[in-house]
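A.B. asks: Mind looking over this structure? Questions follow.
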Amino acid sequence: MEAKPARLSRTVLTEIILPADTNYHNTVFGGRVMQYIDKVATIASMRHSRRGVVTASSDSLDFYAPVKLGEAIQLEAFVTWTHRSSMEVFVKIESENLLTGEKKRTANSYLTFVALDEYGQPVAVPGIIPETEEEKRLFETAEMRYAARKLRKEERNLQL
């Protein structure tokens, strides 16, 4: 199976934050951000694998700044690394004050998706070709995150 450039999976989602999306601080609910993250990462992983996918794990979600009522939230996702049937997807989240144009990094997240065949079984996915500096940096550090996920899974299984 031939590897694909990471850019082919790149997906951008932009939404405006409305009152129903906000908490009592007039900032977006964290759960709403998580919903957007899962949606944009699903699309990126499907673009890469051209298969149906399932979310296998959400490794991290680090918030840096709130997104306020009336601001736009923009999520950009792409596949950073693959294993046999799994794909690591990086999502960066920014907010934009639509009146001033000020943008700020809001959060980062890493998720893992597994590609499925028509019977719902894991299926092999293409490798990744990183091209930009960001893609190369994330690709080079992905095996370390994969090992941490694997260790976390083993520890969880011991607790069950």
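A.B. asks: Scan the stretch 106-160 for residues that are touching a residue at least 24 places away in the same chain (Cβ under 8 Å) and acidic (Asp, Glu) and jot them down.
C.D. replies: ASP117, GLU131, GLU135, GLU143
A.B. asks: For the stretch 93-112, give me each residue that is surrounded by fewer than 15 Cβ atoms within 10 Å (Cβ to Cβ) and under 19 Å from the mean Cα position of the chain (by Cα).
C.D. replies: LYS104, ARG105, listed by residue number.
A.B. asks: Could we say that ILE73 is surrounded by 19 or more Cβ atoms within 10 Å (Cβ to Cβ), within 12 Å of the chain's Cα centre (by Cα) and of a type in the set (Val, Ile, Thr) here?
C.D. replies: no
A.B. asks: Which residues, counting only those in the stretch 16-37, are crowded, with 17+ Cβ neighbours inside 10 Å and either within 16 Å of LEU75 (Cα to Cα) or among the small types (Gly, Ala, Ser) (or both)?
C.D. replies: ILE17, ASP21, VAL28, ARG32, VAL33, TYR36, ILE37
A.B. asks: Still on this structure, please answer the following. Give the residue, chosen from THR42, THR22, THR55, that is at pLDDT 95 or above and within 16 Å of THR106 (Cα to Cα).
C.D. replies: Matching residue, one of THR42, THR22, THR55: THR22.
A.B. asks: Right, here's the next one. Quick one: what pairs do we get from the stretch 45-72, first residue closer than 18 Å to LYS150 by Cα, second crowded, with 19+ Cβ neighbours inside 10 Å and among the aromatic types (Phe, Trp, Tyr), C-beta under 8 Å, 6+ apart or different chains?
C.D. replies: These pairs meet every condition: VAL54/PHE113; THR55/PHE113; ALA56/PHE113; SER58/TYR110; ASP59/TYR110; SER60/TYR110.
A.B. asks: Considering only residues that are over 18 Å from the mean Cα position of the chain (by Cα) and among the polar types (S, T, N, Q), which ones fall in the stretch 16-53?
C.D. replies: Within the stretch 16-53, THR22, ASN23, ASN26, THR27 meet the criteria.
A.B. asks: Can you tell me which of THR55, THR11 is surrounded by fewer than 16 Cβ atoms within 10 Å (Cβ to Cβ) and closer than 18 Å to VAL125 by Cβ?
C.D. replies: Going through THR55, THR11 in turn, the sole match is THR55.
A.B. asks: Answer yes or no as to whether VAL12 is of a type in the set (A, V, I, L, M, F, W, C), within 29 Å of GLU131 (Cβ to Cβ), in a strand (DSSP E or B) and touching an Asp or Glu at 6+ places or on another chain (Cβ under 6 Å).
C.D. replies: So VAL12 passes the test.
The values are calculated or read from the model by the stated rules, or taken from the named source; none is laboratory data. Every value quoted in this text rests on a predicted model; they were computed, and no experiment measured them. Glycine gets a Cβ as well: all are built from the backbone with ideal geometry, and neighbour counts include every protein chain shown.
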